[in-house]
1. Starting from the Cα of ALA82, move 7 Å in the Cα-to-Cβ direction to define the label point; list residues of the stretch 170-195 whose amide nitrogen is under 19 Å from there.
2. What order, most packed first, do the peptides 60-67, 77-84 have when packing is the mean number of other Cβ atoms within 10 Å of each residue?
3. Tell me what the chain gives for mean residue ellipticity at 222 nm when only DSSP H runs of n ≥ 4 count, each as -39,500 (n - 2.57), the sum divided by the residue total, rounded to 500 deg cm²/dmol.
4. Over the alpha carbons of the chain, what is the largest minus smallest coordinate on each principal axis, giving the biggest first in Å?
5. Give the value in nm², to one decimal: projected area of the alpha carbon convex hull of the stretch 120-224, averaged over all directions.
6. Pick out which of VAL39, VAL181, VAL166 has the largest mean-square fluctuation in a Gaussian network model of the chain, springs linking Cα atoms closer than 10 Å.
7. Please give, to one decimal in nm, the separation of the simple spin-label points placed at GLU185 and ASP144, each 7 Å out from Cα toward the Cβ.
8. Please return the longest range in the chain lying between exposed loop sites, taking GluC sites (Glu not before Pro), DSSP loop only, at most 12 other beta-carbon atoms within 10 Å, and leaving the sites out.
Amino acid sequence: MPDHAQLWAVHMPYPANGARSSPDRWPDRWTDYLAQDEVARAQRYRCAEDRARFITARLALRGLLARYLGASPQSIDFSYNAFGKPLLPAAPLEFNLAHSGSYAVIAVTQSHHIGIDIECHRDLPDRDDVAAQIFSADERRSYDQLPESARLSAFYRAWTCKEAVVKALGRGLQFPVQSCVVALESDKPARLIRLGEDSVAAQHWRLHEFSVAPGYSGCVAVAGAGDSFRWPGLNWITLVDLFRGLPPSQDGARLEA
Ligand SMILES: CC(C)(COP(=O)(O)OP(=O)(O)OC[C@H]1O[C@@H](n2cnc3c(N)ncnc32)[C@H](O)[C@@H]1OP(=O)(O)O)[C@@H](O)C(=O)NCCC(=O)NCCS
């Protein structure tokens, strides 16, 4: 694979209002493709929609990685770092997953730590308080100068860029996101300018923003990449395509998405 990342997106049309108009299309019955710990996690979701989204995203991740590795989805054996980041230490692939609202996104590359984030723009009542916690002083000043109408998307743009970086580091929100500083001029691509105290290392990060749909922000971050690192467009996948040709799960059900 040349020096680039591949980005994949899955639509997860599970309504948030609990209306299960077509239950056969929900993925709950295809957990045979998942590992035991994933099934246990799925069962802990009280909300059926959240469970369906978790299962769909994991099925997509397994199906996709299986294609890269020429393996079966069930044989993918994730390990996890101390902060919960799924990894495949023995495989020549770096990947990361994020989900929000009706979409899951997956980024895959070689030889670079990679993180991805996507957020559905929700109008949080305490958004300005959250901004105060996650923005650096400079970011906060720029945010405060924006008209109210521009703040929602600016907030999620900054949030997804920062979270993609801390997910690439594998630390997640255990990393002090305030010290992960991004330049977010409206007419320029996002850029990492400081990571902790280190502004030199920050120059070797590449950020790439993408959009799955209006009302969503998304960003992928890659560590240690040169200027020639390339970002092809978003590829849309369905579970049906990913699992086509594979044996049906034990109860004979086939995947629908
Ligand atoms: C990882 C984290 C940033 C996810 O944020 P989020 O907005 O809720 O979720 P996202 O959709 O962006 O990403 C979730 C996915 O990221 C991946 N992920 C989990 N932990 C990760 C980490 N530390 N770094 C990178 N990716 C991680 C997983 O694939 C997860 O999806 P899945 O569990 O459904 O497969 C956040 O949950 C976090 O910081 N967790 C750290 C928890 C921790 O440190 N725990 C201590 C040990 S128990």
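None of the figures in this text is laboratory data; all of them are computed from the coordinates on show. Keep in mind that this is a model prediction, so the values were computed, not measured. Neighbour counts are summed over all protein chains in view; Cβ atoms, including those assigned to glycine, are modelled from backbone coordinates with ideal geometry.
1. Only 170-177 fall inside the zone, counting backbone N under 19 Å.
2. So the peptides 60-67, 77-84, ranked by packing, come out 60-67, 77-84.
3. On the way: 7 runs with 78 residues, N = 257.
Rounded to the nearest 500, the figure is -9000 deg cm²/dmol.
4. Cα spread of the chain along its principal axes, largest to smallest: 57, 41, 32 Å.
5. On the way: hull surface 25.8 nm².
Here the figure is 6.4 nm², rounded to one decimal.
6. VAL39
7. Once both label points are built, they end up 2.3 nm from each other.
8. Details: sites that count: GLU185, GLU197.
The longest uninterrupted stretch comes out as 1-184.
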